[in-house]
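Asks: Encoded as structure tokens, here's the structure I'll be asking about.
The values are calculated or read from the model by the stated rules, or taken from the named source; none is laboratory data. Only a predicted model underlies this, so the values are computations on that prediction, with no experimental measurement involved. Cβ atoms come from the backbone with ideal geometry, glycine included; neighbour counts cover every protein chain shown. Just so you know, the surface numbers come from the protein's heavy atoms only, side chains and all, with ligands and any DNA or RNA stripped out. Shrake-Rupley method; radii C 1.70, N 1.55, O 1.52, S 1.80 Å.
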Amino acid sequence: MITVALCRDSHGGGDRTIDLLAASPLVSRILVVYDGNPRPAWPKCQVIRGDTLVSGWILEAILKKVRTRYFLVITGERAIDISSRALERLVDVIETTGAGMLYSDYEETTPDGVRRERPVNDYQLGSIRDDFHFGPVQFFSTLAVRRALADSGPLAVTKYAALYDLRLKLSLTVPIVHLPERLYGAYVSPEMNKKGKEQAENKGSHKGQNEEMHFAYVDPRNLAYQQEMEMVVSEHLRRLGAWLPPSFGRLPADRTAYPVAASVVIPVRNRAETIADAVRSALAQEADFSFNVLVVDNHSTDGTASIVSELTKHYPQVRLLVPERRDLGIGGCWNEAVYSPHCGKYAVQLDSDDLYGGPESLQRLVDVLRGGAYGAVIGSYTLVDGKGAEIPPGLVDHREWTDENGRNNALRVNGFGAPRSFRTDILRRSGGFPNVSYGEDYAVCLRISRDYRIGRIYDSLYLCRRWEGNTDAALSIERINGNDAYKDRLRSLEIMARQKIKER
């Protein structure tokens, strides 16, 4: 009933998996993508010359050879321990649900024998980022795939984006279903484990997520990859009726009387170690306009408020705002500043553990906003450690953004960058920030980009510090999944909103 497709590397990656699957009576044939010599001989196996499953021509070659009702794709080259009972479970669920693609949770084992659960997220309308984590095992209905390609066109001619293109096209016609059961084990190879440890050692106490993966889309070495992914997601949004052309709404006149031209907004909770540095970084800005610093203290318990109060005695530009409510996230604290009578015409971001890159940062952001073409302007930042030393990947400038397609491609990547600056009236008209502490910035930038142009500055204006106290340091898999699911939900909401625009 099942054809399997997987990769084998020159070190024999996947050999154990091939042996297990070849022994299953449910498996008809195993298509082994392999670019080495000699070609090993296994029962049920046929070799396809190549080194990846994600290129268009290889995936097309695989699909042409599938004669079974289902096919199973194993991504990567690590060993997978999947039993025949798991295959029977996959067959039963895909038949009874009518899913086009099925994936499940799994268990991961390191070379030193440590076993850990690896749950994955449910798929939804907004799960369109190219790095959505399905796990290494993906199970497809052959009939559903053929219908999807008949409806939406053949796979795009790409080197990297074929599987991405396939699942986006499939999602338009049939459900992509997550089975929250551990149906297999995945083994982390010694090479993968060594690489992971080296990354962790090199990054010291940096944020818990894999930053090399997290920032892959801003690495110039990945330009061809990113261009393919952008092409595929843009076509998908067109098919969804959610792609927006590069025509933008006219910015409304703002006749509000503001106390200052700009406000640096610093939401904070329990940052006694860093808040003074952040405030002084804001005060050091040299500008030809008036500005203040609005520190929104979310009921800190470590003396943060006292530190800010002391600063207000010496610097009248600094205002300490303490919300009445105790249920606010970072977004809610932003709203306290944006809707307060102290907020200036422009609201500019500074996180409580970050710094501006120089005294001209605020001036440069506001100058672009004052030009009148943008509802928001976003600069670029440099990643540094707690002592200010640059760390990989260094400059994060989001050059994947274009004025022509940036607001569409933004639905594929995980952020807009920093520092962010806004016209305050546009923030207020757009409903402000969601009351959460993750993704609030992404949500509001998506919302603004739906209607208005967003400007970019590609020079570094900001130092983003990585240290053990970061709010996303050492996150659990469950927390990472929750964060990712929330951003997928934001994308779902934004896609639905853009579909409504296209219907008008």
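Asks: Suppose we filter the range 132-148 for residues that are touching a residue at least 60 places away in the same chain (Cβ under 8 Å) and open to solvent by less than 70 Å² (accessible area, probe 1.4 Å); how many remain?
Replies: Of the residues in the range 132-148, 10 are touching a residue at least 60 places away in the same chain (Cβ under 8 Å) and open to solvent by less than 70 Å² (accessible area, probe 1.4 Å).
Asks: Counting only residues that are buried (at least 18 other Cβ atoms within 10 Å of the Cβ) and over 22 Å from Leu461 (Cα atoms), how many does the range 392-406 have?
Replies: Here the count works out to 1.
Asks: Looking at the range 254-266, can you tell me whether even one residue there is assigned to a loop (DSSP other than H, G, I, E, B), within 30 Å of Arg453 (Cα to Cα) and free of Cβ contacts under 8 Å to residues at least 24 places away in the same chain?
Replies: Yes, the range 254-266 has at least one match.
Asks: Here is a further query. Can you go through Glu117, Glu88 and tell me which one is in contact (Cβ under 8 Å) with a residue 12 or more places away in the chain, in a strand (DSSP E or B) and surrounded by fewer than 16 Cβ atoms within 10 Å (Cβ to Cβ)?
Replies: Glu117
Asks: What single numbered condition from (1) under 16 Å from Arg420 (Cα atoms); (2) open to solvent by 40 Å² or more (accessible area, probe 1.4 Å) fails to hold for Ile266?
Replies: Every condition holds for Ile266 apart from (2).
Asks: Give the range 417-432 a look and list any residue that's assigned to a loop (DSSP other than H, G, I, E, B) and either surrounded by fewer than 22 Cβ atoms within 10 Å (Cβ to Cβ) or in contact with a Pro (Cβ under 9 Å, 6 or more places away or on another chain) (or both), or say none.
Replies: If the condition is that a residue be assigned to a loop (DSSP other than H, G, I, E, B) and either surrounded by fewer than 22 Cβ atoms within 10 Å (Cβ to Cβ) or in contact with a Pro (Cβ under 9 Å, 6 or more places away or on another chain) (or both), then Ala418, Ser430, Gly431, Gly432 are the ones that fit.
Asks: If you scan the range 91-104, which residues turn out to be open to solvent by 20 Å² or more (accessible area, probe 1.4 Å) and either under 21 Å from Leu237 (Cα atoms) or touching a strand residue (DSSP E or B) at 6+ places or on another chain (Cβ under 9 Å) (or both)?
Replies: Glu95, Thr97, Gly98
Asks: Select from the range 343-372 the residues that are part of a loop (DSSP other than H, G, I, E, B), open to solvent by 10 Å² or more (accessible area, probe 1.4 Å), modelled with pLDDT of 95 or more and farther than 16 Å from Ser281 by Cα and list them in ascending order.
Replies: Lys345, Gly371
Asks: OK, next. Out of the range 272-292, which residues are of a type outside the set (S, T, N, Q), in contact (Cβ under 8 Å) with a residue 40 or more places away in the chain and open to solvent by less than 30 Å² (accessible area, probe 1.4 Å)?
Replies: Residues satisfying the conditions are Ile275, Ala278, Ala282, Phe289, Phe291.
Asks: With the condition kept exactly as written, say whether any residue in the range 440-450 is open to solvent by 20 Å² or more (accessible area, probe 1.4 Å), acidic (Asp, Glu), under 30 Å from Glu390 (Cα atoms) and more than 18 Å from the chain's Cα centre (by Cα).
Replies: So far as the range 440-450 goes, no, none of its residues is open to solvent by 20 Å² or more (accessible area, probe 1.4 Å), acidic (Asp, Glu), under 30 Å from Glu390 (Cα atoms) and more than 18 Å from the chain's Cα centre (by Cα).
Asks: Moving to a separate point now. Which numbered condition in (1) at positive phi; (2) buried (at least 18 other Cβ atoms within 10 Å of the Cβ); (3) in contact (Cβ under 8 Å) with a residue 60 or more places away in the chain is the only one that Gly388 fails?
Replies: So the condition that Gly388 fails would be (2).
Asks: Further question: Of the residues in the range 70-85, how many are open to solvent by 40 Å² or more (accessible area, probe 1.4 Å) and aliphatic (A, V, I, L, M)?
Replies: Total satisfying the criteria: 0.
Asks: Let me confirm something: among Ala410, Ala376, which residue is over 29 Å from Asp288 (Cα atoms), open to solvent by less than 20 Å² (accessible area, probe 1.4 Å) and touching a Cys at 6+ places or on another chain (Cβ under 8 Å)?
Replies: Values: Ala376 fails: over 29 Å from Asp288 (Cα atoms).
Ala410 is the lone residue from the list that is over 29 Å from Asp288 (Cα atoms), open to solvent by less than 20 Å² (accessible area, probe 1.4 Å) and touching a Cys at 6+ places or on another chain (Cβ under 8 Å).
Asks: Continuing with this model, one more query. Check whether at least one residue in the range 459-479 is modelled with pLDDT of 95 or more, closer than 26 Å to Asp354 by Cβ and part of a helix (DSSP H, G or I), and report yes or no.
Replies: Within the range 459-479, one or more residues are modelled with pLDDT of 95 or more, closer than 26 Å to Asp354 by Cβ and part of a helix (DSSP H, G or I).
Asks: Next up: May I ask you to list the residues in the range 217-253 that are part of a helix (DSSP H, G or I), at pLDDT 95 or above, open to solvent by less than 50 Å² (accessible area, probe 1.4 Å) and not hydroxyl-bearing (Ser, Thr, Tyr)?
Replies: Listed by number, the residues that qualify are Glu228, Met229, Glu230, Val232, Val233, His236, Leu237, Leu240.
Asks: Can you name the residue in the range 14-28 that is touching a Cys at 6+ places or on another chain (Cβ under 8 Å) and surrounded by 19 or more Cβ atoms within 10 Å (Cβ to Cβ) and, of all such residues, is modelled with the highest pLDDT?
Replies: Ile18
Asks: Here's another thing I want to ask about it. Assuming Asp327 fulfils every condition listed in (1) open to solvent by less than 50 Å² (accessible area, probe 1.4 Å); (2) part of a loop (DSSP other than H, G, I, E, B); (3) out of contact with any Ser or Thr (no Cβ under 6 Å at 6 or more places or on another chain) apart from one, which condition is it?
Replies: In the conditions (1) open to solvent by less than 50 Å² (accessible area, probe 1.4 Å); (2) part of a loop (DSSP other than H, G, I, E, B); (3) out of contact with any Ser or Thr (no Cβ under 6 Å at 6 or more places or on another chain), Asp327 misses (1) alone.
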